[in-house]
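A quick write-up on the structure given underneath.
Computed from the coordinates by the stated procedures, all read-outs in this text should not be read as laboratory data. Since the model is a prediction, treat every value here as computed from it, not as a measurement. When we count neighbours, we look across all protein chains shown, and the Cβ atoms used for this are built from the backbone with ideal geometry, even at glycine.
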Amino acid sequence: MKKLLFLTALAAVVLAGCKPELVVSEDGTKDFPYLISTAKQLADLAKEVNNGEDQAYIYYKLTANIDLKNYKSGEGWTPIGKQGKPFKGNFDGGGYIISNLYIKSNESDIGLFGYVESCSIKNMGVKGIVEGSDNVGGIVGYLRDSNLENCYWRGDVTGKSNVGGIAGEVVQRSTVHSCYTTGMVKGIAYCGGVAGIAQFGSIENCAALNSEIKRIDGSSSDFGRVAGFMNERDNFAWKGMKVKGDIVSKSYIDGDDMSKEKLGMARTFDKYFKPPLWKKVNGYLPGFKGKTEKEKMPDYIK
């Protein structure tokens with residue numbers, strides 16, 4: 001995605017008493033972020049970042065739902081950012097949805113975003129299937145010194161170690177806040193519905209609504225409904241979720257129990273998913289007001 005500064009000159013229209021006007025639409029600042037409305041523009045951003053272009057202090061914002069169905073060949077989607085060339089910008093999903101994310105890789109730091117540092121990611125839903133090695137998440141593989149908030153992931157995530165629905169590994173003062181997940185998470189070590197591991201980072205006000213946190217082999221015990229390891233920060237989880245084949249109860253890595261009856265009540269989510277951004281409707285999961293107001297409840301919770 002080329003960084004263009006669009007100037008709209010209305011000099012061609014001459015009206016009595018009116019003067020030509022220049023309007024700055026995009027310059028990458030907080031007030032005029034670069035706008036992304038197509039899958040190609042999002043893929044171009046990945047190319048820029050992975051080629052080493054500095055994104056620090058640059059702002060991006062989605063202006064439409066994006067379907068990644070044309071990025072399923074080979075290993076699928078190329079994550080935005082990698083070790084040594086992290087994404088350091090600010091990404092606002094604008095309440096839109098990125099769907100049909102597909103990644104099947106043998107690499108580490110895998111997700112819609114791969115390796116991010118000193119950045120902000122917020123306000124979007126992501127749906128798809130992600131598979132990698134270590135540090136694998138639906139939205140971010142490796143979250144370092146960054147904030148991820150008001151997002152949800154719907155789909156399956158598979159890896160070896162540090163595997164989670166939202167993020168694989170959360171480190172260095174990073175925070176995952178007001179997010180929820182559905183689907184299955186599978187791995188060998190440090191696996192959870194929201195994050196695989198949050199070491200020197202935190203998971204706060206999140207909901208793990210996954211069907212199962214599944215151990216691929218019998219080598220590790222670091223599995224939890226919310227995270228394989230973390231500092232507890234007021235999270236909850238669907239009480240019917242299986243962890244390594246068993247139903248578990250509340251603990252610091254498993255969050256508070258939440259029944260399917262309570263999950264069907266809009267007010268259950270009021271504390272964590274607040275207006276005006278979020279919209280809650282009885283019988284549905286939270287969506288974004290004015291865009292995806294109703295997210296279907298998973299069949300396994302009904």
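Values for this structure:
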item: Most fluctuating residue given options Gly159, Gly183, Gly52, as computed from a GNM of the chain linking Cα atoms under 10 Å; result: Gly52
item: Segments 164-170, 96-102, 291-297 sorted - mean Cβ within 10 Å per residue, highest first; result: 164-170, 96-102, 291-297
item: Label-point separation, Glu53 to Asp67 (7 Å along Cα→Cβ), nm; result: 2.7
item: Residue-by-residue Karplus 3J(HN,Hα) for the stretch 82-94, coefficients 6.51, -1.76, 1.60, Hz, glycine and proline x; result: 8, 4, x, 9, x, 7, 10, x, 10, 10, 10, x, x
item: Helix-derived mean residue ellipticity, 222 nm - over the chain, DSSP H n ≥ 4, -39500 (n - 2.57), to 500; result: -1500 deg cm²/dmol
item: Pairwise centroid distance, computed over Cα atoms, of the stretch 56-93 with the stretch 248-300, Å; result: 26
item: With Cα atoms, 0 to 90° folded angle of helix 39-50 axis to the chain main axis; result: 80
item: Assigned charges on the beta-carbon of Lys, Arg, Asp, Glu; the chain dipole about Cα centre (debye); result: 760
item: Ile253, Ile216 arranged by Cβ crowding within 10 Å, fewest neighbours leading; result: Ile216, Ile253
item: Which of Gly240, Leu42, Trp153, positive extreme of dipole for the chain (C-beta unit charges); result: Gly240
item: Ranked Asp109, Asp134, Asp31, criterion: other C-beta atoms within 10 Å, fewest first; result: Asp31, Asp134, Asp109
item: Sorted by Cβ neighbour density within 10 Å, fewest at the top, the residues Tyr272, Tyr180; result: Tyr272, Tyr180
item: Distance-filtered residues of the stretch 106-140 - backbone nitrogen under 20 Å, label point 7 angstrom along Lys30 Cα→Cβ; result: 117-124
item: HN-Hα J in Hz across the stretch 286-299 - Karplus 6.51, -1.76, 1.60, θ = phi - 60°, x for Gly and Pro; result: x, x, 9, 4, x, 10, 10, 6, 10, 9, 4, 5, x, 4
